[in-house]
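Below: the structure, in C-alpha cells.
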Amino acid sequence: MSSPTPQYGPMFDTDELVINMGPQHPSTHGVLRVVLRLDGEKVVDADVVIGYLHRGVEKLSESRSWAQIVLLTDRLDYVSAATSNVGYCETVEKLMAIEVPRRAKYLRVILSELQRIASHLLWLGTHAMDTGAMTVFLYAFRERELILDLFEEYCGARLTYNSMRIGGLPQDLPPSWDRKVLEFCRIMEGKLEEYETLLTGNRIWLERTKGVGVIDGAEALALGLSGPPLRGSGVRRDVRKDEPYAAYDEMEFDVPLGVAGDTFDRYVVRMQEFRQSIRIIRQAMQGIPEGPILGKVPRLIKPPAGEVYHAIESPKGELGFFIVSDGKSMSPYRFRVRPPSFCNLQALPRLVKGHLIADVVALIGSLDVVLGEVDR
Amino acid sequence: MAEAIAFYVLAACILGFAVLVVTAKNPVHSVVFLVLDFLCVAALYVTLGAEFVAAIQVLVYAGGIVVLYLFVVMLVNVKRPPEAFRAGGRHAMLGLALAGAVLVEAAAIAVWSRLSPAAPASAAQSLPVSGNTEQVGWLLYTSYLVPFEVASMLLLVAMVGAIVLARKES
Amino acid sequence: MADVNVAPPAGPPDPPPPADLPVPAAIAGLQLAMPGAILALSFFVGDWTVVVDRTAILDVARHLRTASGAAFDICSDVTATDWPPRPERFDVIYCLFSTTHGQRLRVKARVADGDPIDSVTSVWPAANWLEREVFDMFGIRFSGHPDLRRILMPDEWQGHPQRKDYPLEGPGELLLENPLDWLKLRQARDEADIE
Amino acid sequence: MVELVLIPLLKIIVVLNATLLGVTYMVLLERKVIAWAQSRLGPMRVGPYGVLQPVADAMKLMLKEDITPARADKWVFTLAPILSMVPALVVYAVIPFGDQVHLFGRQISLYITDINVGLLYVVSVTSVGVYGIILAGYSSNSKWPLLASLRASAQLISYEIAITLTLVSVVLMSGTLSMVGIVTSQASQGVWYAFIQPTAFIIFFIGGLAETNRAPFDLPEAEQELTGGFHTEYSGMRFALFFLAEYANIIVVSSVATTLFLGGWLRPFPNVEFLSFLGVVPGWCWFLLKSFVFLYLFIWVRATLPRYRYDQLMRLGWKVLIPLAIANLILTAIVKVALA
C-alpha cells in the first residue's frame, strides 16, 4: 500500500512476537538456540545463539599430547567421529610428512564413507521427523544401527570410535568384516528405495521442502556454506575431488548437484550421496591392497615447528584443521578446527527470513548441524 | 411447571453471564462468558421445542463467531488502560441510554402482543410440512425468500470487503 | 603437558619458500598490485602463506577476491594464534580457497593487543561468525564488523579463553566459596525477573 | 420410570465407560500399530504384549504433579481441559451403535437418544470443543501454546466448513438429520453413501483428520515445531484430559463416518439377498468393525505422512476442499432434483 502503515491506537498492540526456540526444543538438534522475531507465524528476523555445548576443545588440545587429541576429535561431530579422526590424523601426517600405507588409505576411505552414510542417515531421520514424518526416523536408525555394529566390530566403540592413528590405523580388519560391509551395501540400496518411496514422491514432503530456504550458488559460497548445502545450490565443490586425500584420487564417483538450492535439492543431494558412498565403498573393498596399516611413525610424536591447514570432506561439509606446532613441546601450540556445521549454521538467519516457523525447523534439519561441532 | 423452572433458571443464567460479559476486566474472560451465555440461550430454545434453532445457535454463534472474537482478542492483545474501568464518562451515559431504549422496545413488544394475540402463532400450523427443521426451511425459502437472499448478499459483500481490506498490496 | 621449562616461542617459523619454487600466480599478482602490503612470504608442507600488513588487510582481501588470477571465493576459516612475547602478539589467519583455480592460500596479519583490524565481512560474508569467534576467544577487535558480539562464551564473560595467558581451568571468578550461595543468588535474580 | 430414567441412565453409564475404555485402548492401539509400522514392538512390559499399558499410563498421569504456571490465567487454565473433554463425550449421545436388541424382555435401542437434528447436534457440539484448545493456549501465558492455539482456531474453523458441506450432501440423500434415520435410509436405498457420495466421503475423512488435529494436520500440537503445542504447559490429569479428548474425538469422527457413509450397523451390501448370512453377526459388531477400520486408517496416515505447513493447510482447506465440497453439494442437488 502506498499510504504509510496504519497507526493503531493505544488500545492495540500488534508488536512482533519475540520467541525463543531452544536451547530446549525438540528440533534444534541439541542445544541450539534461535531467537525468532515473528510477525504472526512469519519469521522477520532470527538470531542464532550458540555456545551451550562449548567445551573448549581447542584450548584443551593445547595441553594434550598429539595422540590424545584423536579422541577429542571424536567428540566434535559425535555422529561422524571417524571422519573427524581422519581429518586430524591427516593434518598431523601432513605436518610431519608421514607416508601412510595404501591399505590404510583405502581403509580410511571405507570407514569415512560408512560414516558418511551413518551421518546422513541420522540427518535423514531427524530431518523427516522435524517435518512430521516419524517413520522415516526409525527406518533410518534401523540401518544406522547396522553401521554402528560394523564400527563396533572394527574398533569396539559405537559412537566415539577413536578409530584412526597418526600414520594409519590401529588395527586391521576383523575377519569376514569385508563381507559384512558388502552385505550392508546391498541392504542399504534396497532401503534407500524405501525412504524415497516415503518421501521423494510424497506431495506433502515436496510442498514442505520445495522452494523453502532458496539460496543461489554465489550467495551460498559467500556465506561459507560447504558440503551438501553448498552442492544443493549447484556449486561443484567437494574436497574429495578438489583436494583429494586418503585414497579418493583412486576412486570413481560423482558429485551430486542440486539446481534450485532449496531444501528439496539439499535433500536430493544427500540421498544421491548415499548411493555414491556405497559405490565408493564397493570400489574400495574391491581394490583394497594388502600391506601394513601403519606407516613409519616415530615413537614420540613431535612434529616440526610450523603451521598447517588441511581439510577433508566430512558429511557436513569442509572440515578443516589448522594446527600450529612450536616444535618443542609435546602438544600443539594451537589447534583450530574449521567446523562445517558452524559455518553452515551461519546461513540460517538468511535462509529463514520470510519463512514460517515450520520452515525454520525444516531448514535447521536441512543444514544438518551437530552442536558438538558448532560449539566445540 | 418443570418448563417454568427451567425457563427461570436459564433466564437467570443468561442475565448473569451477560452482566459478567460486560464487567469482566479481561476481554478473554468476557468472551468465555459470552460463549456460556450463548449455550444457555441454546438450552432455552430447546425448552421451547426449537431444536434446530438451538443447534444452529451453538454451531454458528458459540462454535463459529465467538471463536473469531477470541481469535481477534488474542491477536490484537487488547490493552485497556486502567482509566477505562472507571465509572462515568460519555460512553457510560450512551450505554445507559441505549439499554433504556432496548428495554422500552421490549416492553412495547410485550404489551403489543398482549393487545393483539395469536396472529403469528398460527402460521406454523398452516405449513405443508411438519417437523422443526422442515418448517424453518419451508419458511425461509417461501415467505422469507427475499430477506433471506438479501441477508446472504449482505454477508457476501461484507466478506469481499473484509478480504479487500485485509489484503496486502505486494 | 606443556613443558614449563621451555621458553615460550616468539612466533611461527614461517619458512621462506625455496628459491627454485615458482610463486603461484595469485601471489605474484598480489605482489604486483600491492607491493607494500606484503611483509613476508612463506611455504611449508605445501601451504603458501602471505604475511600482510594489518592496515592493508581489507584491500588485500578485495584484491584476492576479485582479481582474476586469484578469485579466492571461499573464505574457509578465520582464526588467530597468540604469541605473547612478541609485541604484535596475535596472528590473524585467513584460509582461502579458490574454486576457479582449485588452490589454497593463507593470509596472515600481525596484530598487537588492543589494535583493531579491518573486518573482511564485506568481502566474504562467511567471515562474520568466524571473526566473532576470534573476537570472543582472543579479544581482537574487527572494525567494521556488523555484529561484533561474543559467540561461544556467554555475553558477560570476562577475558578471552584462547589467549595463552588464560588458564585452562578458567579464571574462577564466577565460583563463590559456596556454590549453593551462588545458586541462591541466581534464583533470587530469576524470580525477580519473573515478577 | 424405568423407561424414562433408568434405561437412559444405564445406557449413558455404559456408553461413557465404554468410550473411556475405548479411548485408553485407542492410545495403546496407536502405539502398537505405529510401532509395527516402524518395525518396533511397542509397549511390551506392562501385562502380556503390553495390554495393561493404558492402566499404567493412567496411574502415572494421575499421580503426576499438577502444575499451574505462575502467571497463567488460573480459572481459564482449569476450564480449558474440561471444555475440551466434555463436548467430546457429549457427542456420543446421538451415535447409533446398533439397531434394537432384545434384552431382559425389553426392546432396547443401542443408542442413548435419537433426536431429529442429530447430525446438527454432532456438528455443533464438536464445534464447541475448539474452545478447550484456544483457551488452553491463551491461559498458559506462554508463547508456543499461544501460537498453537491460533493455529488451532484457524484450522478447526476452516475445516468445519468443508465437513459441514459434505454433511449437507449426505442429508440431501437421506432427507433427515437424525443419525438413526440416516442409517435406515441407507438400508432402504440399499447402498452405503460412501459409494454414491465418494467425494463427500473423502473430504469428510480429510476434514476429520484436520478436525481432530491428527497427522498430517497436527499443527496445533506439532511437537517438532511448537514444543508440544497448546498443551505444553499442562501436566498430570489436566494434560490427560486433552489427550483423552483428542482420542475421543477420533472415535467420534470414525463413528460418524461409519454412520453416514458406511451404513452404520448395517451389514455389507444390505440389499444383496445371498449375502444375508452376514446378518448373523450382530449390527453393533459391524459398527465397531467399520469404526475400527477408520481408527486404523487414522493411525496409518499418522505413521506415513509428513506434516503440512500452516499456509498449505489453509490453502488445502479453503482452495481445494471447500470448493470441492460445494461443487459436490450442487451436483448432488441437481441430480436429486433431476431424478425426482
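The values are calculated or read from the model by the stated rules, or taken from the named source; none is laboratory data. Remember, it's a predicted structure, so these values are computed and weren't measured experimentally. Glycine gets a Cβ as well: all are built from the backbone with ideal geometry, and neighbour counts include every protein chain shown. Note: areas computed on protein heavy atoms with side chains; ligands, DNA, RNA excluded. Shrake-Rupley method; radii C 1.70, N 1.55, O 1.52, S 1.80 Å.
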query: In nm, to one decimal, how far is the modelled label at D:Ser39 from the one at B:Ala101, with both set 7 Å along Cα→Cβ?
result: 7.4
- request: Over both sides of the D-B contact, add up the buried accessible area with a 1.4 Å probe and give it to the nearest 100 Å².
  value: 1900
query: With the contact rule set at Cα under 8 Å and sequence spacing of 6 or more, what percent relative contact order holds for region B:2-75?
result: 30
Which of A:Glu273, A:Glu152 is most accessible, then next, and so on - probe 1.4 Å: A:Glu152, A:Glu273
Cross-link pairs D:Lys74/D:Lys143; C:Lys108/C:Lys164; A:Lys316/D:Lys143; D:Lys11/D:Lys336; A:Lys210/A:Lys316; A:Lys105/C:Lys164 - those with Cα-Cα distance over 26 Å: A:Lys316/D:Lys143; D:Lys11/D:Lys336; A:Lys105/C:Lys164
query: Can you list the residues of region D:38-68 whose accessible area drops by at least 10 Å² going from the chain on its own to the full set of protein chains, with a 1.4 Å probe?
result: D:Gln38, D:Ser39, D:Arg40
message: Between A:Glu290 and C:Ala71, what's the calculated FRET efficiency when r is the beta-carbon distance and R0 is 51 Å? Round to 0.05.
response: 0.75
Carbon + sulfur, % of accessible area of region B:2-75 - ligands and nucleic acids excluded, 1.4 Å: 80
field: Helix-only mean residue ellipticity at 222 nm for the protein assembly as shown, each DSSP H run of n ≥ 4 adding -39500 (n - 2.57), per residue, nearest 500
entry: -16500 deg cm²/dmol
Zone residues, region A:127-141, relative to D:Trp300, backbone N less than 19 Å from point 7 Å out along Cα-to-Cβ: A:133-136
- request: Determine the dipole magnitude for the protein assembly as shown: charges of +1 sit on the beta-carbon of Lys and Arg, -1 on that of Asp and Glu, nothing else is charged, the reference point is the Cα centre, and the result goes in debye to the nearest 20.
  value: 880
- line: On the accessible surface of chain A, probed at 1.4 Å with all protein chains in place, carbon and sulfur together account for a percent value of 54
Förster radius 56 Å - calculated FRET efficiency between D:Leu172 and B:Met93, Cβ distance, rounded to 0.05: 0.60
- line: Farthest towards the positive end of the dipole of the protein assembly as shown, among C:Ala126, A:Ala362, A:Ala222 and with Cβ unit charges of +1 on Lys and Arg and -1 on Asp and Glu, lies the Cα of A:Ala362
message: Checking the a/c ratio against 1.5 first, then a/b against b/c, what shape does the Cα gyration tensor give for the protein assembly as shown?
response: prolate
task: Quote to one decimal, in nm, the extra length available between C:Gln187 and C:Val23 on full extension: 0.36 nm per residue of separation minus the C-alpha distance between them.
output: 52.9 nm
task: Would you work out what percent of the accessible area of chain D, with all protein chains in place, is carbon or sulfur (probe 1.4 Å)?
output: 73
field: Summed buried accessible area for C+A [probe radius 1.4 Å, Å², rounded to 100]
entry: 4100
message: Using a 7 Å offset from the Cα along the Cα-to-Cβ direction at both D:Leu63 and D:Ser109, what is the distance between the two label points in nm, to one decimal?
response: 4.5
message: Please compute the per residue accessible area over chain A with all protein chains in place, 1.4 Å probe, rounded to a whole number of Å².
response: 33
message: Can you classify region B:2-75 as rounded, prolate or oblate using the Cα gyration tensor, where a ≥ b ≥ c are the square roots of its eigenvalues, rounded means a/c under 1.5, and otherwise it's prolate if a/b beats b/c and oblate if not?
response: oblate
message: Can you list residues from other chains, or at least 5 along the same chain, whose modelled amide H is less than 5 Å from the amide H of A:Lys328?
response: none
message: Please list C:Trp157, D:Trp36 from largest to smallest accessible area, probe radius 1.4 Å, with all protein chains kept in place.
response: D:Trp36, C:Trp157
statement: Between A:Val212 and residues 5 or more places away or on another chain, the pairs with built amide H atoms under 5 Å apart involve A:Thr263, A:Phe264
task: Considering only DSSP beta bridges where both residues belong to the protein assembly as shown, give the percentage that are antiparallel (nearest 5).
output: 90
statement: Checked region A:193-306 with the C-alpha gyration tensor, a ≥ b ≥ c its square-rooted eigenvalues, rounded below a/c of 1.5, otherwise prolate if a/b is larger than b/c and oblate if not; verdict oblate
- prompt: C:Ala40 versus D:Ile13, label points 7 Å from Cα toward the beta carbon: distance in nm?
  reply: 9.5
message: To the nearest hundred square angstrom, how large is the accessible surface buried between D and A, total for both chains, probe 1.4 angstrom?
response: 2700
- line: FRET efficiency for B:Tyr141 and C:Asp53 from the Cβ-Cβ distance with R0 = 60 Å, rounded to 0.05, comes out at 0.10
message: From Cα pairs below 8 angstrom and at least 6 apart in sequence, can you work out the relative contact order of chain C, rounded to a whole percent?
response: 15
task: Could you work out the relative contact order of region D:66-339, using alpha carbon pairs under 8 angstrom and six or more residues apart, expressed as a whole percent?
output: 25
- line: Across all Cα atoms of region A:17-374, Rg and the largest Cα-Cα distance (Dmax), in Å, are 20.0, 64
statement: With Cα springs under 10 Å, the Gaussian network model of chain A assigns the largest mean-square fluctuation among A:Thr28, A:Thr200, A:Thr73 to A:Thr200
query: If you roll a 1.4 Å probe over the heavy atoms of the protein chains, what accessible area per residue do you get for region B:2-75, in Å²?
result: 49
query: On average, how much accessible surface per residue is there in region D:36-191, in Å², for a 1.4 Å probe, leaving out ligands, DNA and RNA?
result: 42
